[in-house]
Amino acid sequence: MIEVLQQRVNGDEGLVRRGRYLTTTFLLEVGPTAWLISIFEGRVVSVTRGPFVMPSSAFALRASEEEWAKFWSRKPPPGSNDLMALIKRRVLKAEGNLQIFMANLRYFKEALAKLRSEGAAS
Amino acid sequence: MSATFEPITGRYMNLDLFGRPHRIYVEHAGEGTPLLCLHTAGSDGRQYRALMNDARITRNHRVIAFDMPWHGKSSPPAGWHDEEYQLTSAQYTTMILEIAAALELDKPIVIGCSIGGRIALHLALEHPEVFRAIIGLQAGAHVDPYYDLNFLHRSDVHGGEVAAAIVSGLVGPDAPDKERWETLWHYMQSGPGVFKGDLYFYKIDGDIRGRVAEIDTKRCPLFLLSGEYDYSCTPEETLAVAGSIAGSEVTIMKGLGHFPMSENPEVFLNHLLPVLEKIGRS
């Protein structure tokens, strides 16, 4: 399901516009499954599923399948409704060069919320 | 379409604080029992405009909100450009007491949110005689840092963008878009390093865990109201504080987040009005 990120992010003109100075590759880990997501000037250009031998990324976001499932549910419960809520509960690990993540925090929050069930609030 | 005006008046007050001249912006509306409003970290008194615009409150309360120094339309003191702003418990307490005295408020009710909720606990402990009642919104005794606060003030991260992005998830899911984004706009407008300086009080200096149980609600009634979706000051943390203070009254507000008065005023007022009525009867 992570692959739909490309179409959903690129289909949101406002999100792409806000990300126009963002070019990076980050690693998203959903339990044991890893994904490399490449962004060029705000557009998601590739979503590649692991396993990888030597993945190169600016930073990584790692959480269990259960935690991502709650985050991506139609109406996430308290404590699961936001990336910072997951970080506060120490169930999401953000590692690497977090300057890119924090400088574009609204972009990453809204992009990853695109993976919520269709019709859910972003 | 003709213009309409809100019943809010704003003024600038010149006042010495901590031995230095300050220019403080103060808004007020209504007549009656003073209700002194304390805004959250990195924001300003605009958060309380819904209270000032609601006749159910202003018909018997004089609602007052000031922008803390460095916030909103209050200036930082002269010399600020060579200083690092850091709010301490002592400064925050002094500021509230001095401003209340300067405005000649007679036994005000104080209502504060987040850092304002925390200082409300300090006031309940140290200055209960000054206040008619104390209302703490999103009031916990302590919050551990859960991200690197340095990201709030560095040249390669936009301070306004990151401040709003950090707190955006603290707004409850049912907040109307207009109020949600107005609340976040206030964060985007904060001066460089101000949110970070406020969090020095919230996450380090203002820890009151060891003393909160000493609050005597017989000297000043204490009401705690917290939003269900707040992961900064969680409902569990508010319930823990309430559980340790005999006589305190606690409400967990379903669907609301960390900014009840500004993110969803209509729902919040349903919780606040009964509290004000109860204070009015006592």
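The values are calculated or read from the model by the stated rules, or taken from the named source; none is laboratory data. These figures come from a predicted structure and were not determined experimentally. Neighbour counts run over all protein chains shown; Cβ positions are idealised from the backbone, glycine included.
Inside segment B:1-119, counting only helices (runs of 4 or more DSSP H) that do not spill past its ends, which hold 3 or more residues that are touching an Asp or Glu at 6+ places or on another chain (Cβ under 7 Å)?
none
Filter segment B:227-249 down to residues that are more than 9 Å from every other protein chain (Cβ to nearest Cβ) and among the polar types (S, T, N, Q) and give me whichever is surrounded by the fewest Cβ atoms within 10 Å (Cβ to Cβ).
Step by step, filter segment B:227-249, then rank; the result is B:244.
Consider residue B:143 against the criteria (1) at pLDDT below 95; (2) surrounded by 24 or more Cβ atoms within 10 Å (Cβ to Cβ): it satisfies all of them except one. Which criterion is unmet?
In the conditions (1) at pLDDT below 95; (2) surrounded by 24 or more Cβ atoms within 10 Å (Cβ to Cβ), residue B:143 misses (2) alone.
With the structure loaded, tell me whether residue B:127 is without any contact (Cβ under 8 Å) to a residue 60 or more places away in the chain, under 17 Å from residue B:223 (Cβ atoms), more than 14 Å from chain A (Cβ to nearest Cβ) and not charged (D, E, K, R) or whether it fails that test.
For residue B:127, the condition - without any contact (Cβ under 8 Å) to a residue 60 or more places away in the chain, under 17 Å from residue B:223 (Cβ atoms), more than 14 Å from chain A (Cβ to nearest Cβ) and not charged (D, E, K, R) - is met.
Just checking, does segment A:77-84 include any residue being among the hydrophobic types (A, V, I, L, M, F, W, C), touching an Asp or Glu at 6+ places or on another chain (Cβ under 9 Å) and without any contact (Cβ under 8 Å) to a residue 40 or more places away in the chain?
No, segment A:77-84 contains no residue that is among the hydrophobic types (A, V, I, L, M, F, W, C), touching an Asp or Glu at 6+ places or on another chain (Cβ under 9 Å) and without any contact (Cβ under 8 Å) to a residue 40 or more places away in the chain.
What residue, of A:29, A:67, A:110, A:95, is within 14 Å of another protein chain (Cβ to nearest Cβ) and either farther than 29 Å from residue B:149 by Cβ or in a strand (DSSP E or B) (or both)?
The unique qualifying residue is A:95.
For segment A:81-91, give me each residue that is more than 7 Å from chain B (Cβ to nearest Cβ) and either surrounded by fewer than 20 Cβ atoms within 10 Å (Cβ to Cβ) or over 14 Å from the mean Cα position of the chain (by Cα) (or both).
The answer is A:89, A:90, A:91.
Just one of B:193, B:206 is on the phi > 0 side of the Ramachandran plot, surrounded by 17 or more Cβ atoms within 10 Å (Cβ to Cβ) and more than 9 Å from chain A (Cβ to nearest Cβ); which is it?
B:193
Quick test for you: out of A:49, A:20, pick the one residue that is more than 14 Å from every other protein chain (Cβ to nearest Cβ), surrounded by fewer than 19 Cβ atoms within 10 Å (Cβ to Cβ), of a type in the set (Lys, Arg) and more than 13 Å from the chain's Cα centre (by Cα).
None of the other options fit; the residue is A:49.
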